[in-house]
Structure formats: structure tokens, C-alpha cells
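Below is one structure, written out as C-alpha cells; the observations come after it.
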There are 2 protein chains.
Amino acid sequence: MTDYCPRVDGQALVAAFADRLERRDWAAFGALLDPDLVYEIPQTRERIRGRDRYVTFNAEFPGDWHIEPLVVLGDEHHGSLLFRWTLDGEASLAVAFFELDACAGRITKVTDFWPEPYEPPPGREHVVERW
Amino acid sequence: MTDYCPRVDGQALVAAFADRLERRDWAAFGALLDPDLVYEIPQTRERIRGRDRYVTFNAEFPGDWHIEPLVVLGDEHHGSLLFRWTLDGEASLAVAFFELDACAGRITKVTDFWPEPYEPPPGREHVVERW
């Protein structure tokens, strides 16, 4: 006997993640997440273990922040989100990747990237312009 | 009369992009790109206009660099790539997003992110661990 396992729509799951976060709908946000979710920021080597701590982290995040999805992608195993992040009126671009439990239809891992401005290295001015 | 427009497989296009780049197969790499491709690095506000300049930029990129795809996603309009970037033996994670011409089966825009390490802000130690 084979258990029935629905094919999750990763793109819809990522879109729902961004929507619930922006609306601070913590109950609906938590319902998208695996209880054993792991959240990581590779740039700071920070990790949060567990859905409840991760919801707390987001609910407590200081400042007037907003998330505007620009690109939402997903398949049965992974998802990605490029979004405009606005914090107290300052806008920047940020990225998240997701691992999904295809059977449960839940997010099991979130990996966040917060790319900061930096000065370009010299030597490529002959092909590059600045804006 | 309606022109025939094939449905491009964005995921395969992104996988091919990473493969041709890693193999320095510049002819095959260029064949994936629209002649009017735009490349941007939002962190440095750098922009390259045109396939030929973008191929030159990659072919001239200094150091012993390697690209190992970790997550490859795509639909008819967009793609994303999370990859391990190794430069002269130093590994880090980097991200690219893609815009695609669904009819031509080519990449029209590449947006690269090079997230650097930073120190986390205080105030979230009660939910976060470090590694």
C-alpha cells in the first residue's frame, strides 16, 4: 500500500509565506511552517530551531518593516523569493530560499540573505557602468 | 495567425547557465543569452549592457573560481540560482536571479547578489544560536 502524498505547489507556498508575513498574520504564517523548521542566515551564522521561535523572531522584529515580493519561484522541493525589504522607509533587496516538505505542504527550512552595498573591485570599468 | 512560441524550461536554462560558466564554454554560454542581455549587481550599482560585454566580463574574471549549483529554479519568466562560489579556495554562498525570453529560450537579465558576512544586531539572542 502506498500512502497518498499530494504534490505541493512550492510557488504558492512561497507566495503565501510573504503574504502572511507582510500581514503579521502569525497564526496563518505558522500554519505554513513545519514544527521543526530551521531558519538560517549564513552571513551572520545565525540559526533558529523550531517554528515557534521563528514566529517569535518575526513578530518581535523591530521597526516598521514591509515585504514586497518581486520574484516567487518554487517546485516540489525548493522555493525562492526576491523581495523589496523596506525598514523605516529605507528600501533594499533581499533574498530567501526555502526547503519544502512535499507531502505535508509545509516549509522546513528558510535561508535568508541580506546583501549589503559594497564598492566594486577595480579592473572591470571597460565593460561595466555604474548607476 | 498566431506565431508559435515554445514554452521555455526556465529551470533547465538556469542549470545550463551554471554548467557552461563552470566549464568556461564561452560559445555555449553566449548561446543561452539574449544579445541585449542586461547584467546588474544591485549591491555595487554595476550594470553591463549586452551579451558580448557580459561574456567578456566572465571570461576575464580573475582568480581560480568555481560555481557549484545548490538550488536551481525557474518558470517561463524567471529563474533563480543558489550556488557555492569558490574563489582561490575560499567558499561562500551567492545568488542570481534571471529574467527569460519565453519565446527565444534565452536569458535577458541576470541580477547577481554577493552577500558578505556581517555581525548580527543585538536583541534576538533569546531565539537565535550561532554557528
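How much of the accessible area of the range A:23-100, in percent, comes from carbon and sulfur atoms when a 1.4 Å probe is used?
48 percent
Per-residue mean of other chain beta-carbon atoms within 10 angstrom of the beta-carbon, peptide A:109-115?
For peptide A:109-115, the averaged partner shielding equals 4.
Nm distances between the label at A:Leu70 and the same-position labels in the remaining copies, 7 Å along Cα→Cβ, shortest first?
2.1
Within chain A, what's the longest stretch lacking trypsin sites (Lys or Arg not before Pro) that sit in DSSP loops with no more than 14 other Cβ atoms inside 10 Å? Can you show the working numbers first?
Numbers: sites that count: A:Arg7, A:Arg23, A:Arg24, A:Arg45.
Value returned for the longest uninterrupted segment is A:46-131.
Taking the highest mean first, how do the peptides B:72-81, A:67-76 order by number of other beta carbon atoms within 10 angstrom per residue?
Working: B:72-81: 22.5, A:67-76: 18.9.
Packing order, densest peptide first, comes out as B:72-81, A:67-76.
Starting from a label point 7 Å past Cα on the Cβ side, list the distances from B:Arg130 to the same position in the other copies, nm, shortest first.
3.3
Under the Kirkwood approximation applied to all pairs of distinct alpha-carbon atoms, what is the hydrodynamic radius of chain A in Å?
16.2 Å is the Kirkwood radius here.
Note down the relative contact order for chain B as a percent, whole number, built from C-alpha pairs under 8 angstrom at least six residues apart.
Relative contact order for chain B comes out at 27 percent.
Could you work out, residue by residue across A:64-76, how many beta carbons of other chains sit within 10 Å of that residue's beta carbon, and then give the average as an integer?
Average per residue, whole number: 3.
Can you pull the mean other chain C-beta count within 10 Å for peptide A:117-129?
Details: counts 5, 5, 2, 5, 2, 0, 3, 8, 1, 4, 13, 11, 6.
Per residue, the average neighbour count from other chains is 5.
How tilted is helix A:10-22 with respect to the longest principal axis of chain A? Cα atoms for both, answer in degrees (0 to 90, nearest 10).
The helix A:10-22 is inclined about 70 degrees to chain A.
The values are calculated or read from the model by the stated rules, or taken from the named source; none is laboratory data. For clarity, every value in this text was computed on a predicted model and none was experimentally measured. Heads up, the Cβs are rebuilt from the backbone with ideal geometry, glycines too, and the neighbour counts pull from every protein chain shown. The area values use the complete protein model at the heavy-atom level, side chains included, leaving out ligands, DNA and RNA. Shrake-Rupley method; radii C 1.70, N 1.55, O 1.52, S 1.80 Å.
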